[in-house]
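The values are calculated or read from the model by the stated rules, or taken from the named source; none is laboratory data. Keep in mind that what you see is a predicted model, and the values were worked out from it rather than measured. For accessibility, only protein heavy atoms count, side chains too; no ligands or nucleic acids. Shrake-Rupley method; radii C 1.70, N 1.55, O 1.52, S 1.80 Å.
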Amino acid sequence: MAHRSVMDDAVHLSPPGREPVPVEGCTTCTGLAARREADRRAGDLSAVSDRNVEIRRHPHQEAAR
């Protein structure tokens, strides 16, 4: 009996969203944004993604509101 492999359907990914913008006056966000740019220059896109998550999740307690 011959065994035949069948490929799964193609995966459809949505385009990445825009990068989060650091909150003005927030030193944590400013630092994360600087690290994100250094990671990007180093070609570490996984770290760039990690910084984006950190900026999005940061509560911005240091920001002057």
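Within the range 50-65, the set of residues being open to solvent by 30 Å² or more (accessible area, probe 1.4 Å), at pLDDT 85 or above and not basic (Lys, Arg) comprises ASP50, VAL53, GLU54, HIS58, PRO59. Each residue in the range 31-49 was checked for being open to solvent by 30 Å² or more (accessible area, probe 1.4 Å) and within 12 Å of GLU19 (Cα to Cα), and 2 pass.
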